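Below you'll find the structure, written out as structure tokens, and then a few comments.
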Amino acid sequence: MFKQLATFALALSLLASYAAAYTTVMKPVSQECYFERLKQGSHFSITFETAGKLPIDFSLNDAHRTPIYSMPHTGEGSYSYTSTSEGRYSYCFKNNAPHEIVVNFNPHGPENEVFLAKHDASPAENEVRKLSHNIEEVRDHFNFMLFRNEVHDQSVSDTQRRMFNWSILQVVALAGVCGWQIYYVRSLFKIRGVV
């Protein structure tokens with residue numbers, strides 16, 4: 001119960017800090033699918049990462065449920081696609097593990113990538129658009145790195161807190177054992193009349 005609550009709190013805090021990205025907590029042995037409506041020639045891209053690089057399966061299906069792309073057993077990835085037909089495309093994450101997995105993903109649908117749809121632009125404009133798209137991907141990757149850094153920082157602080165509490169317990173136990181030994185040795189010598 002505590003683990004589920006901690007996972008939910010982590011996912012909620014990350015969701016609040018990354019409003020541009022989506023975070024989901026996948027149940028054990030489950031699949032979650034999301035949909036994008038694409039027109040012919042529309043560009044769609046997605047980047048994703050799991051907390052702790054735990055493996056999941058990713059797949060992208062076209063409007064006819066035909067698999068376009070799949071990445072089995074991966075902790076992170078990105079994929080770009082230009083649609084060949086109009087329809088409702090789906091991208092799915094599948095968790096085959098017996099535990100929950102936190103997935104952070106950032107889809108860029110056609111409304112976010114209008115710049116790639118213009119074919120009548122000059123070569124300089126096309127290069128600027130591609131550069132802008134690459135900057136978006138770098139920004140997304142930076143957000144994923146921040147996400148990973150927060151997870152590791154939380155893990156380090158939890159470990160340090162546990163080590164501190166354990167060392168305090170050891171000091172108390174050692175002081176108690178030393179005190180009991182001094183008392184016991186003194187009582188032995190008092191019985192013999194040495195002290």
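Could you say whether any residue in the stretch 95-108 is modelled with pLDDT of 90 or more and under 24 Å from Gln40 (Cβ atoms)?
no
Go through the stretch 43-64 and report how many residues are modelled with pLDDT of 85 or more and over 14 Å from Tyr91 (Cβ atoms).
The qualifying residues number 5.
Mind checking which pairs have a first residue in the stretch 10-35 that is within 21 Å of Asn96 (Cβ to Cβ) and open to solvent by less than 40 Å² (accessible area, probe 1.4 Å) and a second that is modelled with pLDDT of 95 or more and not in a strand (DSSP E or B), Cβ under 9 Å, 6 or more apart or different chains?
Going by the 9 Å Cβ cut-off, there are no qualifying pairs.
Restricting attention to the stretch 44-56, report how many residues are under 17 Å from Asn106 (Cα atoms) and open to solvent by 30 Å² or more (accessible area, probe 1.4 Å).
Summing the residues that are under 17 Å from Asn106 (Cα atoms) and open to solvent by 30 Å² or more (accessible area, probe 1.4 Å) in the stretch 44-56 gives 1.
From (1) surrounded by 13 or more Cβ atoms within 10 Å (Cβ to Cβ); (2) under 18 Å from Gly52 (Cβ atoms), pick out the condition that doesn't hold for Met145.
(1)
State the number of residues belonging to the stretch 57-84 that are open to solvent by less than 40 Å² (accessible area, probe 1.4 Å) and either within 15 Å of Leu38 (Cα to Cα) or assigned to a strand (DSSP E or B) (or both).
Adding up the residues that qualify gives 12.
Residues of the stretch 136-195 being within 23 Å of Gly77 (Cα to Cα) and either touching a Ser or Thr at 6+ places or on another chain (Cβ under 9 Å) or in contact (Cβ under 8 Å) with a residue 60 or more places away in the chain (or both), which ones?
Once the filter is applied, which keeps residues that are within 23 Å of Gly77 (Cα to Cα) and either touching a Ser or Thr at 6+ places or on another chain (Cβ under 9 Å) or in contact (Cβ under 8 Å) with a residue 60 or more places away in the chain (or both), the stretch 136-195 yields Glu136, Glu137, Asp140, His141, Asn143, Phe144, Leu146, Phe147, Arg148, Glu150, Val151.
Taking the criterion of being of a type outside the set (Ser, Thr, Tyr), within 30 Å of Val25 (Cβ to Cβ), outside any loop (DSSP other than H, G, I, E, B) and modelled with pLDDT under 90, would at least one residue in the stretch 161-184 satisfy it?
Within the stretch 161-184 (the criterion being of a type outside the set (Ser, Thr, Tyr), within 30 Å of Val25 (Cβ to Cβ), outside any loop (DSSP other than H, G, I, E, B) and modelled with pLDDT under 90), the answer is no, since none of the residues qualifies.
The values are calculated or read from the model by the stated rules, or taken from the named source; none is laboratory data. Predicted model, so just to flag it, every value in this text is computed and none were measured. Because the Cβ atoms are built from the backbone with ideal geometry, glycine has one as well, and the counts that use them run over all protein chains shown. The area values use the complete protein model at the heavy-atom level, side chains included, leaving out ligands, DNA and RNA. Shrake-Rupley method; radii C 1.70, N 1.55, O 1.52, S 1.80 Å.
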